[in-house]
1. Just checking, how many residues over region B:149-161 are among the hydroxyl-bearing types (Ser, Thr, Tyr) and open to solvent by less than 50 Å² (accessible area, probe 1.4 Å)?
2. Regarding A:THR176, is this residue modelled with pLDDT of 95 or more, among the polar types (S, T, N, Q), more than 15 Å from the chain's Cα centre (by Cα) and within 12 Å of DNA strand C (Cβ to nearest atom)?
3. Does B:LEU156 satisfy the criteria of being away from DNA strand D (no atom under 15 Å from the Cβ), touching a residue at least 40 places away in the same chain (Cβ under 8 Å) and assigned by TED's automatic domain parsing to the domain that holds B:PRO67?
4. Within region B:172-259, which helices (runs of 4 or more DSSP H) (wholly inside it) include 3 or more residues that are within 11 Å of DNA strand D (Cβ to nearest atom)?
5. If you go through region A:198-212 one residue at a time, how many are under 17 Å from A:LEU234 (Cα atoms) and within 14 Å of another protein chain (Cβ to nearest Cβ)?
6. What's the number of the only condition in (1) open to solvent by 40 Å² or more (accessible area, probe 1.4 Å); (2) more than 10 Å from chain B (Cβ to nearest Cβ); (3) more than 16 Å from DNA strand D (Cβ to nearest atom) that A:THR146 fails to meet?
7. Does A:ILE215 satisfy the criteria of being within 14 Å of another protein chain (Cβ to nearest Cβ), crowded, with 18+ Cβ neighbours inside 10 Å and within 11 Å of DNA strand C (Cβ to nearest atom)?
8. Looking at (1) within 14 Å of DNA strand C (Cβ to nearest atom); (2) out of contact with any Ser or Thr (no Cβ under 7 Å at 6 or more places or on another chain); (3) not β-branched (Val, Ile, Thr), which one does B:ALA250 not meet, given that it meets all the others?
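The values are calculated or read from the model by the stated rules, or taken from the named source; none is laboratory data. Computed from a prediction, not measured in an experiment: that's the story for all the values here. Here Cβ is always computed from backbone atoms with ideal geometry, including for glycine, and neighbour counts include all displayed protein chains. For accessibility, only protein heavy atoms count, side chains too; no ligands or nucleic acids. Shrake-Rupley method; radii C 1.70, N 1.55, O 1.52, S 1.80 Å.
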Protein chains: 2
Amino acid sequence: MTRSTVTALRHDPVCDGTTGGVGPATPAESQGPCGQCDLGTLAFCDGFAARTISSLSRVQCTLRFEPHDTLFREGDQGLAVYSVVSGAVKVYKLMPDGRRQITGFFFRGDMFGFCLDGTYAYTAEAITPVGVCRLPMQRLGELAETAPEIQYRIVLRMTAKLAQFHDHVLLLGRKTARERVATFLLTLSDRARRRGDPPSPLSLPMGRADIADHIGLTVETVSRAMTWFKREGLLDLPSPSQVAIRQPEALRAIADGAG
Amino acid sequence: MTRSTVTALRHDPVCDGTTGGVGPATPAESQGPCGQCDLGTLAFCDGFAARTISSLSRVQCTLRFEPHDTLFREGDQGLAVYSVVSGAVKVYKLMPDGRRQITGFFFRGDMFGFCLDGTYAYTAEAITPVGVCRLPMQRLGELAETAPEIQYRIVLRMTAKLAQFHDHVLLLGRKTARERVATFLLTLSDRARRRGDPPSPLSLPMGRADIADHIGLTVETVSRAMTWFKREGLLDLPSPSQVAIRQPEALRAIADGAG
DNA sequence: CGCTACCTTGAGCGCCCTCAACTAAAGTGG
DNA sequence: CCACTTTAGTTGAGGGCGCTCAAGGTAGCG
């Protein structure tokens, strides 16, 4: 296992444990090459031809990050895309005066880091301990010429992400505080279900401040909405980072504006 | 010219002038095949090999729509992607109670209609008289296997759109009313410049209500912000649909939160 | 036990929404 | 060509949702 990581290092000089000097990233010791990591059908390379997978495994490398580590910053040269193997990552943009907008959360199986003209448009930061599969973008482009299935897979991922953005823009532009929180919880629950994690009790690895900066509210408003849902019996909060959704339909009704 | 449209009709039975029975779409008479329309370097197929272009021209068809025509609705089967040749298109999602969020405006050279699992995630409606180049998605996927440059181009377009979304989510989640309007005007001006249209006086083909539903405000608030910018000498409003930006730097400062 | 970080709860205010009136411009029919 | 109607945009007055500011609670950790 460790040997395959070393192989990756030999073929991709960028994979030397430093990611632009940001964060104490260290090569992982427990992950194998593409197709052998434990992502199963969630893996980017799942279902690819053996030759494609071996090509990917030669340029891929697996990294670990600790909470608050920065994977890359807005403006950094965009050298690689990332696939989350374990843990949670948040991605955000900052305004000069410190206002922050978290544009996405990424979990097991999710990919991020696609960027234009070689510069990341946002900062990526680990929320929990994180394992990621890193794919150098340039190599990916070269491989795509011989294995068009790779680019098709990328198109699929990006299309899904675009659909998510449409929904989130609707949330931010037109929904009330309670509708936003309800939508957020249901979306997270749905994504957990799709990736095979228990959808209830739902795990909230991010703090209230992160949630607030994602759905365009303040910490206090998020907290009040959660407490209100709890009082109404729509959900339980065994701990601040765990939500048991009791009445999904009622929550859905609120999320869709019938509350 | 008309003959090439007829050719397209022969090869693509979907291109019969009806787009799901929605809107009085009629085949255009003035547009040629890919590479011969007047989009120049803005065209999706610009720079492709001659063989690729001829393949595209065989599945492509050009359509015209009038203001308020619906190109497709949210939930419709997603059969094709569109490239705007002339005019302006808005794309939006509706909530059950009528709240509307416009998730994007599309002008000359812009593409839209990429969708997952065969269903459009939003409704597309013509703002002005519109000419579009319509490319059936399935054929596009088939062609991509022999001409990977097509999918690479799609990836580029989608990457750019994703970056736009990140910016817009920041706008909706964290910016004040004036910051939103300033950002909106500058973004529109920048896009006009990139596509070769005069960036000033900037043309606003969409109404105040459309702007409001795009940046998460009300008509009144948009109007007040514009009047305020005018009073401060940042811009002129020769007509409601034309904006002459007098002080781009000052407007930029406001857009970025330094106002 | 004290410290820190995070979450929750409360009180008051402000930005933007709501409601309404007014103006301007464009279409309509005689 | 001109009254009438309709639609879009602007301006004003008042109210409410969510923000701000502040205090209190709770869990993790030395």
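1. 1
2. Yes.
3. Against the criterion (away from DNA strand D (no atom under 15 Å from the Cβ), touching a residue at least 40 places away in the same chain (Cβ under 8 Å) and assigned by TED's automatic domain parsing to the domain that holds B:PRO67), B:LEU156 does not qualify.
4. The helices (runs of 4 or more DSSP H) meeting that bar are B:208-215, B:219-231.
5. Residues meeting the conditions: 0.
6. In the conditions (1) open to solvent by 40 Å² or more (accessible area, probe 1.4 Å); (2) more than 10 Å from chain B (Cβ to nearest Cβ); (3) more than 16 Å from DNA strand D (Cβ to nearest atom), A:THR146 misses (2) alone.
7. So A:ILE215 does not fit the description; no.
8. That leaves (1) as the condition not met.
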